[in-house]
Amino acid sequence: MGDMTVVVGGLRLKNPVIAAAGTFGFGAEYGEIYDPARLGAVCTKGLTLRPRDGNPPPRLHETACGLLNSIGLQNPGIDAFIREELPRMKEQGITVIANVWGDSPAEYEQAVARLCDSPVDAIELNVSCPNVSQGGPVGEDARRTARVVRRARRACTVPLWVKLPPAGGIAVARAAQEEGADAVSTVNTFRGMAIDIETGRPVFANVVAGLSGPAIKPIALRIVYELAGALTIPVVGIGGISDWRDALEFIMAGAHAVQVGTANFVDPLAAVRIVAGLERYMDEKGIGNWEVIRGSAQR
Amino acid sequence: MDVVEARVASNVRVAAGVFLLKLEGKYSAAPGQFYMVRAWARDPLLSRPLSVFDRDENGISFLYGVRGRGTELLSRLSPGDAVGLTGPLGNGWPQRAGRIALVGGGLGIAPLYYAAKILRNADVYLGFADAPYLVDEFARVAARVLVSSETGAGGTEGVVTDIFRPDGYDACYACGPLPMLAALDRVCRRAEVPLHVSLEARMACGVGACLGCAVRTVHGYARVCRDGPVFPASEVIWDG
Ligand SMILES: Cc1cc2nc3c(=O)[nH]c(=O)nc-3n(C[C@H](O)[C@H](O)[C@H](O)COP(=O)(O)OP(=O)(O)OC[C@H]3O[C@@H](n4cnc5c(N)ncnc54)[C@H](O)[C@@H]3O)c2cc1C
Ligand SMILES: Cc1cc2nc3c(=O)[nH]c(=O)nc-3n(C[C@H](O)[C@H](O)[C@H](O)COP(=O)(O)O)c2cc1C
Ligand code: FES
């Protein structure tokens, strides 16, 4: 049997399939359907220093093979997460990646410092949420990204991943790498919008919302391919991954691991089905470990 | 909560654009709970939330109106077809004793039938836009059924809040359009009758993980799928 484990930016995972931030809560809900410890890891809902209410409804809008969301980082705050969610997650044997957002470099640093005192296994700096700031997210600008990653790195003793937006490009990814990120994960949702033709007004109060799902997969794959070719640190591939074949494409594009988001909504078992599909693939092809096929498309 | 593939037993049109879908199998749903339902691969992407209309040893049924693509696809299902179900989900109606009134407007009648069947002696108020349907079915499981129709095509001409008086009830459970629920809240408050309402919101996960189905309550945003769909009306912020 092939070895499903993978080491990604200082973090050892039992398999390369991770539940994506904001689509899996803190693992409790899907935990009623299967044991989330069967996944490589779980990324938490985006956490902030203080609790956040999130955006007014409507927060969801379905598009052709896609989903627009405007959740707005509703979360109980880092302290409540550490107190109420993390102990249960660790007890269950889940590898926990804390997804973190701050509205300034200083706030990112404080948030990361707080989490580093807790038993989280890694931190994913979210510099790519389209739903909380006016204009583009920090991760669309190399200099702003560098500043945030520098401050976070200083405060951080656990593996630090930086989650990049689709529009950041190679310059931003290189900035994250130079400031000491252990890995980058990408993509976060694309900035999109929808208009209610009855009222003639945007569907979302914030106008812009984040597009995810199968609709974004080919573009996300291209971005992962480009970053994996340009960086020396690992890339974690995200975007529209629905089954094990999609996951394989991202690994062949050069990803060390993948995250599954919107597909959880389509099929609550999607992420574990992907684990099983990859396992079967390894066996059938007689592949010993992921290095054999990782980045095959780059060669 | 289970993820299952069920077989269609029947899928019958009960009124213009309204269907009753029966699925085979054993289910554990309580009145007021719902399932995420799908009968397609990836288009549309998301499953559709539907309340449990009825449940017995042989299966489960859903009453749905054709609104858009998803419910249109459901309306084309034939016996033997496969339907994906995740559930049962949500909290369901509270279990209260005493005289209970069930009030439904339009497809808001869907989550009331199974409740009436379990309660046995409830009074049911059904409001239709046009010709009423399933009234005899409700009459078989309820103490009394009162019906209104906006066109006067059956029952009292008007809306369901015209025929409902809260006096003498220990509690009222309601489902329907928001303005109807807000109006009921006013009359029930005045009569000091506790009102519980089943709310709707767009849903992605249906299980409480995505925070997409938020409604404003006096305690802040709540998830319709997990904290509801049934809420005490006193906690709902109607202009939300
Ligand atoms: C907990 C819950 C239980 C429900 N139970 C029932 C039921 O028992 N019977 C029933 O007929 N319907 C029920 N609904 C509503 C049902 O889910 C929607 O009508 C359905 O999702 C529409 O899907 P569609 O693809 O046909 O339409 P779409 O193409 O998705 O939309 C068609 C129209 O309906 C509106 N719409 C879509 N989804 C919703 C929604 N969730 N709430 C309000 N408006 C919406 C859209 O704005 C659009 O105008 C329930 C909803 C919830 C949240
Ligand atoms: C409802 C929803 C909430 C999300 N919340 C977050 C979040 O809190 N933090 C974050 O970094 N990404 C968040 N994302 C982005 C996902 O983690 C993922 O990057 C994106 O959806 C693309 O992957 P997918 O197509 O597999 O969903 C969210 C996505 C969705 C659909
Ligand atoms: S639909 Fe995802 S939290 Fe309710």
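The values are calculated or read from the model by the stated rules, or taken from the named source; none is laboratory data. Fair warning: this is a prediction, and the values are worked out from it, not measured in the lab. A quick note on method: Cβ atoms are made from the backbone with ideal geometry, for glycine too, and the neighbour counts reach across all protein chains shown. Heavy atoms of the whole protein, side chains included, go into the accessibility calculation; ligands, DNA and RNA do not. Shrake-Rupley method; radii C 1.70, N 1.55, O 1.52, S 1.80 Å.
Things to note:
- Subset of segment B:185-205 [away from ligand 2 (no atom under 16 Å from the Cβ) and either in a loop (DSSP other than H, G, I, E, B) or touching a Ser or Thr at 6+ places or on another chain (Cβ under 6 Å) (or both)]: B:E192, B:V193, B:P194, B:L199, B:E200
- Filtering segment A:7-21 to residues that are open to solvent by 10 Å² or more (accessible area, probe 1.4 Å) and within 20 Å of A:D246 (Cα to Cα) leaves A:K14, A:A21.
- Number of the condition not met by B:M36 [criteria: (1) within 16 Å of ligand 2 (Cβ to nearest atom); (2) closer than 27 Å to B:L195 by Cα; (3) surrounded by fewer than 14 Cβ atoms within 10 Å (Cβ to Cβ)]: (3)
For every residue, the table says whether it meets (1) within 14 Å of another protein chain (Cβ to nearest Cβ); (2) open to solvent by 10 Å² or more (accessible area, probe 1.4 Å); (3) within 16 Å of the chain's Cα centre (by Cα).
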residue: B:L45; (1), (2), (3): yes, no, no
residue: B:G80; (1), (2), (3): no, yes, no
residue: B:P94; (1), (2), (3): no, yes, yes
residue: B:A97; (1), (2), (3): no, yes, no
residue: B:V103; (1), (2), (3): no, no, yes
residue: B:L107; (1), (2), (3): no, yes, yes
residue: B:L126; (1), (2), (3): no, no, yes
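- Look at (1) within 11 Å of chain A (Cβ to nearest Cβ); (2) without any contact (Cβ under 8 Å) to a residue 24 or more places away in the chain; (3) β-branched (V, I, T) and you find that B:V12 fails only one, number (1).
- Residue match in segment A:123-146 (condition: farther than 24 Å from A:G72 by Cα and in a strand (DSSP E or B)): no
- Qualifying positions in segment A:22-49 - within 16 Å of A:N131 (Cβ to Cβ) and either within 11 Å of chain B (Cβ to nearest Cβ) or of a type in the set (F, W, Y) (or both): A:G22, A:T23, A:K45, A:G46
- Residue pairs meeting the criteria (Cβ under 7 Å; at least 6 apart or on separate chains; first more than 15 Å from B:L89 (Cα to Cα) and in contact (Cβ under 8 Å) with a residue 24 or more places away in the chain, in segment B:203-228; second open to solvent by 20 Å² or more (accessible area, probe 1.4 Å) and within 9 Å of ligand 3 (Cβ to nearest atom)): B:V215/B:A201
- Residue match in segment A:4-17 (condition: within 14 Å of ligand 2 (Cβ to nearest atom) and within 14 Å of another protein chain (Cβ to nearest Cβ)): no
- Condition met for B:G84 (surrounded by fewer than 20 Cβ atoms within 10 Å (Cβ to Cβ), among the small types (G, A, S) and part of a strand (DSSP E or B)): yes
- Matching entry among B:R140, B:R223, B:R144, B:R165 (being closer than 27 Å to B:M1 by Cβ and either in contact with a Ser or Thr (Cβ under 6 Å, 6 or more places away or on another chain) or not aromatic (F, W, Y) (or both)): B:R223
- Within segment A:268-299, the set of residues being acidic (D, E) and free of Cβ contacts under 8 Å to residues at least 12 places away in the same chain comprises A:E284, A:E291.
- Checked across segment B:53-66, the condition of being surrounded by fewer than 21 Cβ atoms within 10 Å (Cβ to Cβ), within 16 Å of ligand 3 (Cβ to nearest atom) and not basic (K, R) holds for no residue.
- Answer from B:T151, B:T161 - the residue that is in contact with a helix residue (DSSP H, G or I) (Cβ under 7 Å, 6 or more places away or on another chain) and β-branched (V, I, T): B:T161
- Qualifying residue in segment A:161-184 (condition: within 14 Å of chain B (Cβ to nearest Cβ) and either over 25 Å from B:C213 (Cβ atoms) or open to solvent by 20 Å² or more (accessible area, probe 1.4 Å) (or both)): no
- Residue count, segment A:35-90 (criterion: open to solvent by less than 20 Å² (accessible area, probe 1.4 Å) and part of a helix (DSSP H, G or I)): 7
- Filter result for the condition that a residue is assigned to a loop (DSSP other than H, G, I, E, B), within 14 Å of chain A (Cβ to nearest Cβ) and either at positive phi or crowded, with 24+ Cβ neighbours inside 10 Å (or both), over B:G208, B:G152: B:G208
- Strands (runs of 3 or more DSSP E) (entirely within segment A:190-259) containing at least 2 residues that are within 14 Å of ligand 2 (Cβ to nearest atom), more than 14 Å from every other protein chain (Cβ to nearest Cβ) and in contact with a strand residue (DSSP E or B) (Cβ under 8 Å, 6 or more places away or on another chain): A:190-192, A:235-238
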